[in-house]
Amino acid sequence: MNSSLRPGLPSPEQLKEYRIWDSYFTPAYSHPGSDGSSTLVADIERAMPAVRKGEFEKLCYFPHVGIGTTSDVDFEKMIRSRPEVTLKAMERWPKLLLGMIQLNANDVPASLDALNRWLRDGPMLGVYFRGGGIGSLTCTHPNFHPLIERIAELNGVIMQHTWFVTGGKQSPGASTPAELAEVAAKFPEQKFICAHAGGEWQRGIRAVQNSPNVLVETSGFDASAGFIEMAVRELGAERIVFGSHLPSRSLGTELSKVIAANITEADKRLILGENFRKLIQRPIA
Amino acid sequence: MMNRRDVLNLAVAAGASAAICRSSAAADEDSSAANLRIVDTNVSLFHWPFRRLPLDEVELLVAKYRTLGINQAWAGTFEGVLHRDVASANQRLTDACVKYAELVPIGSVNPELPGWKEDLRGCHQKHSMPGIRLHPNYHGYTLDDPRFTQLLELATKAGLFVQIAATLEDTRTQHPQLQVPDVDLAPLADVVKRVLGARVQLLNFRPRGAAFEQLAKTTDVMFDTARVDGTDGIPKLVEALPNDRVLFGTHAPFLIPEAALIRVYESGRLDDSALQTVYASNADSMFWKNGI
């Protein structure tokens, strides 16, 4: 079944003009399937109708690379012994997918090895730190320092999951935008992406306002009106990157935050693609 | 001169007739956006208590809805959430709605307040509203409270549908000094079964868990789309619920109206006929069944 109806969306031509690069694509976020790819591929296919309707150019997802970011011991062992499986999705959609590996700051030696294997040698562009559950650690922990130093050497991007939850953290490994700002101050040359802008974005934006090396990512919470307008006003459009959180969230929820915002078309282009493209440009070391 | 009830009758009749025509011509290729009817069953007017919203002026909201092609909006009032002078809140709501053909006022009733039956009577007789909106979690009662059952009985007898806002805001982002848990919906199925003819719509509900499984079996309970997320969340809800029980709703202006508008079709799993059913036909049916 398909329909030609598309109320609420700009024209395909307008969307193509935005050149949308999605910094936060979350197919099979927690586990790619015991064979390393089946659930991941199915989830990407599930997202494809929305990806096509949105005219996305690129989507960046967060592969697991066998350093303890899932609770599945057999999978972790398998993916370490067969690292080529990690690339299956990227091989299937080579023009569409980008990747930033999930790191585990609880295991610094394994994470440093993974940085060499996947960032130094490619094709991954950066790292993702989880905000709770297996493999997560609050980003102010000293374990992050050697990892950030190495990521900086490799010109990688850091995506840190963040939330400000009313009533306090829901997980011991969670990080807040305020904690990310604290870390970012120690590494002023490194860029950090504050995923979800802290969820409660009014506090999140304020927490990173004076951290010029921190950008905010737009996905992961309801399409609450006024977010992008405040972020542009307080941070500038140059410090905002679009994320879709597809397929567990939606094109409607996430893209509407930007396309419906009362900001300039130039700012929309920055947020929807230009900023992320600039961020992941990696001069060859 | 026509009164509001006449206007509503005409609007609903026109919408329903159009929907019937389109339904009978489902194979017709003419399915352009210009022919699509859209009814937003979940809008609120005036100011959200915790921050200004880009569309919290009625004029701006209506202008936006005209650009989006939304034909009708069932408008509650944010004032009905925390104000105790509910009668004046409902009066302001009616005064605002009467200026715009698209807006249908949905008044607030708080059975925790003395005189709530007068507020209910005002919604029905004074303002000719087709339904009312409840906020049990903000007003401090549960759905097994006998006053809720009585309210549902009286509203049903008056031909009013009843909207229950399961939540207004993600509990994780609420103001720390006003944390309000989602409404416990567990008692609802039993209450609705006891009130013959009751028409209940849940707003802002995320369909999951035991409460949803139970309510899915209760055919007189409708759902809206405002917080049904996931790229295929709305088609899955439509498939899970027989009898056309999913009504388009956005929770604007708190949420961006385009969000739900796009979510309905983005997965490509609903054909044009099914889209029209969600966007408007089910809402039109709810009007008719209440005898307005």
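If only one of A:Ser71, A:Ser38 is away from chain B (no Cβ under 14 Å) and farther than 19 Å from A:Ile101 by Cβ, which one is it? Selected residue: A:Ser38, the only one of A:Ser71, A:Ser38 that is away from chain B (no Cβ under 14 Å) and farther than 19 Å from A:Ile101 by Cβ. Looking across the stretch A:137-184 at every residue that is among the small types (Gly, Ala, Ser) and either more than 26 Å from A:Arg277 (Cβ to Cβ) or within 14 Å of another protein chain (Cβ to nearest Cβ) (or both), the one that is surrounded by the most Cβ atoms within 10 Å (Cβ to Cβ) is identified as A:Ala174.
Listed here are the residues, each with its yes/no results for (1) at positive phi; (2) assigned to a helix (DSSP H, G or I).
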residue: A:Ala178; (1), (2): no, yes
residue: A:Glu182; (1), (2): no, yes
residue: A:Cys194; (1), (2): no, no
residue: A:Ala197; (1), (2): yes, yes
residue: A:Gly204; (1), (2): no, yes
residue: A:Leu215; (1), (2): no, no
residue: A:Asp222; (1), (2): no, no
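Within the stretch B:109-163, being of a type in the set (Phe, Trp, Tyr) and within 15 Å of the chain's Cα centre (by Cα) holds for one residue alone: B:Phe161.
Considering only the stretch B:227-243, how many residues are more than 12 Å from chain A (Cβ to nearest Cβ) and surrounded by 20 or more Cβ atoms within 10 Å (Cβ to Cβ)? Working first, answer last.
Taking the stretch B:227-243 first, the residues more than 12 Å from chain A (Cβ to nearest Cβ) are B:237, B:240-243.
Adding the requirement that they be surrounded by 20 or more Cβ atoms within 10 Å (Cβ to Cβ) leaves B:237.
Residues flagged as more than 12 Å from chain A (Cβ to nearest Cβ) and surrounded by 20 or more Cβ atoms within 10 Å (Cβ to Cβ) within the stretch B:227-243 amount to 1.
Restricting to the stretch B:170-181, and then to whatever is assigned to a loop (DSSP other than H, G, I, E, B) and within 8 Å of chain A (Cβ to nearest Cβ), can you tell me which residue is nearest to B:Val221 (Cα to Cα)?
As a first pass, look at the stretch B:170-181 and keep what is assigned to a loop (DSSP other than H, G, I, E, B): B:170, B:174-181.
Restricting the remaining residues to those that are within 8 Å of chain A (Cβ to nearest Cβ) gives B:170, B:174-176, B:179.
Details: B:Asp170: 22, B:Gln174: 27, B:His175: 30, B:Pro176: 32, B:Gln179: 27 Å.
Of everything passing the filter in the stretch B:170-181, B:Asp170 is nearest to B:Val221 (Cα to Cα).
Identify, by number, the condition in (1) closer than 21 Å to A:Met159 by Cβ; (2) within 11 Å of another protein chain (Cβ to nearest Cβ); (3) in a helix (DSSP H, G or I) that A:Ser244 doesn't meet. If we test A:Ser244 against (1) closer than 21 Å to A:Met159 by Cβ; (2) within 11 Å of another protein chain (Cβ to nearest Cβ); (3) in a helix (DSSP H, G or I), just (3) comes out false. Annotation: A:Gly226 fulfils all but one of (1) buried (at least 24 other Cβ atoms within 10 Å of the Cβ); (2) more than 22 Å from A:Ala28 (Cβ to Cβ); (3) at the interface with chain B (Cβ under 7 Å from one of its Cβ atoms); the unmet one is (1). Of the residues making up the stretch B:244-270, those that are part of a loop (DSSP other than H, G, I, E, B), at the interface with chain A (Cβ under 7 Å from one of its Cβ atoms) and without any contact (Cβ under 8 Å) to a residue 60 or more places away in the chain number 7.
For every residue, the table says whether it meets (1) of a type outside the set (Ser, Thr, Tyr); (2) out of contact with any Phe, Trp or Tyr (no Cβ under 9 Å at 6 or more places or on another chain).
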| site | (1), (2) |
| --- | --- |
| A:Val157 | yes, no |
| A:Thr176 | no, no |
| A:Glu182 | yes, yes |
| A:Ala185 | yes, yes |
| A:Gln190 | yes, yes |
| A:His196 | yes, no |
| A:Ala207 | yes, no |
| A:Thr218 | no, no |
| A:Ile240 | yes, yes |
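Candidates B:Arg227, B:Arg199, B:Arg208, B:Arg194: the one that is basic (Lys, Arg) and closer than 20 Å to B:Tyr265 by Cβ is B:Arg227. Summed over the stretch A:185-206, residues that are away from every other protein chain (no Cβ under 14 Å) and not charged (D, E, K, R) total 8. Does the stretch A:78-90 contain any residue that is in contact with a helix residue (DSSP H, G or I) (Cβ under 9 Å, 6 or more places away or on another chain) and either part of a loop (DSSP other than H, G, I, E, B) or within 14 Å of chain B (Cβ to nearest Cβ) (or both)? No, because not a single residue in the stretch A:78-90 is in contact with a helix residue (DSSP H, G or I) (Cβ under 9 Å, 6 or more places away or on another chain) and either part of a loop (DSSP other than H, G, I, E, B) or within 14 Å of chain B (Cβ to nearest Cβ) (or both).
Yes/no matrix, rows are residues, columns are (1) surrounded by fewer than 22 Cβ atoms within 10 Å (Cβ to Cβ); (2) touching an Asp or Glu at 6+ places or on another chain (Cβ under 6 Å); (3) polar (S, T, N, Q):
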position: B:Met129; (1), (2), (3): no, no, no
position: B:His135; (1), (2), (3): no, no, no
position: B:Pro181; (1), (2), (3): yes, no, no
position: B:Gln214; (1), (2), (3): yes, no, yes
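Read-outs: derived from the displayed coordinates by stated rules, not from any lab. Treat the numbers as computed from the prediction; the structure is a model and nothing was measured. A quick note on method: Cβ atoms are made from the backbone with ideal geometry, for glycine too, and the neighbour counts reach across all protein chains shown.
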